[in-house]
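Here's the structure, in structure tokens; my notes come after.
Each value in this text was obtained by applying a stated rule to the coordinates, not by laboratory testing. These figures come from a predicted structure and were not determined experimentally. Ideal geometry is used to build each Cβ from the backbone, glycine not excepted, and the neighbour counts take in all protein chains shown.
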Amino acid sequence: MARVAPQPAGGESAPGREWLIPFLSVLQLSDSAFPCGRYTLSHGLEAFAQSGRLAAPTPASTLVALLGDFIRFGVAPSDGVALCCAHRAAGPDGVDDLEQVIRADQRLTAVKLAKEVREASARSGRALIRTAGIACEGWPIEEYLEQVDAGRSPGNHAVVLGLLCAWLGVPRVEAAAAELNAFATSWVAAAVRLALTDHRTAQGVLYRIRPLAADAASKAGDREVAQISSCTPVIDVMAMHHEQAELRLFAS
């Protein structure tokens, strides 16, 4: 992936069509095949299935409502806002405001109440650093990575992704939308693997969730570190139950 400043969309009139490169970059980063460990996560959905609250086949309307709550009250105001804060703090040669990135990283960890969720976020963030460090030649991540290695900054996936997207020229709101879409895709994939639904219904869920995800990404774009939050008590409790489960298909 090459770093190119975003250009206005203009079809044939766009010089060199360079405006497409950031778009292709965000497609690559949000693809389910990107090796950051998301395929190992159910985001608490496995615990919902184990508790009997969800059973096969789960109606599409139920999945849409539950995924909507995950995004609206959990992922968007936490990971989405943290991503945007990190993106805003990034500069062309690295990180312009390292302290803001660290504050966003620390607060994001603080609002992730379940241990598995916190650990998964940091684990996938470090995987993103390792993979992008090889794939994105020249990415100036050293200053932030020193803070992660020293234990001062947790290295959450959303924060790392915000820094990377800024450097690649991906606009902030588009980066947040891609993150929410990647979460939704991972979530419905887990639902399929748990046999709660089938592939066709899962695609319908993703289609129906688009307006909500777009709205949530737009709202996250201008929020500050102090506004990183999460309010999903039932989801958090399910994630905590998952930590004690004897049999688990997923890491969270």
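For the options Ser229, Ser121, Ser51, a Gaussian network treatment of the chain with springs between C-alpha atoms closer than 10 Å singles out Ser51 as fluctuating the most. Packing order of peptides 133-142, 168-177, 98-107, 218-227, highest average first: 168-177, 98-107, 218-227, 133-142 (average count of other Cβ atoms within 10 Å over each peptide's residues).
Among Gly155, Gly80, Gly94, the largest mean-square fluctuation in a Gaussian network model of the chain (Cα springs under 10 Å) belongs to Gly94.
Under the shape rule built on the C-alpha gyration tensor, where the axes satisfy a ≥ b ≥ c, the stretch 127-252 is prolate, since a/c reaches at least 1.5 and a/b is greater than b/c. Charges were assigned to the Cβ only: +1 to each Lys and Arg, -1 to each Asp and Glu. The resulting dipole of the chain about its Cα centre is roughly 700 debye. Rounded to the nearest 10 degrees, the angle from helix 233-243 to the longest Cα principal axis of the chain is 80 degrees.
Relative to the dominant Cα principal axis of the chain, helix 157-168 is inclined by about 30°. Amide H to amide H, with H built 1.01 Å from N, Ser229 comes under 5 Å of Ser78, counting only residues 5 or more places away or on other chains. Shown for Cys165, Cys231, Cys36, Cys84: other C-beta atoms within 10 Å of each C-beta, ranked fewest to most, produce the order Cys231, Cys36, Cys165, Cys84. Only the Cβ atoms of Lys and Arg (+1) and of Asp and Glu (-1) were treated as charged; on that basis the dipole of the stretch 193-250 about its Cα centre amounts to roughly 320 debye.
By count of other Cβ within 10 Å, fewest leading, how are Thr185, Thr109, Thr131 ordered?
So the ranking, lowest neighbour count to highest, is Thr131, Thr185, Thr109.
Ranking of His199, His157 by neighbouring Cβ atoms within 10 Å, starting from the fewest: His199, His157. Positive-end ranking of Thr40, Phe70, Val192 along the dipole of the chain, with charges on Cβ about the Cα centre, is headed by Val192. Under a model in which nothing but the beta-carbon of Lys, Arg (+1) and Asp, Glu (-1) is charged, the stretch 97-136 shows a dipole of about 160 debye around its Cα centre. Between helix 115-135 and the chain there is an angle of about 40 degrees, using the helix long axis and the longest principal axis of the Cα atoms.
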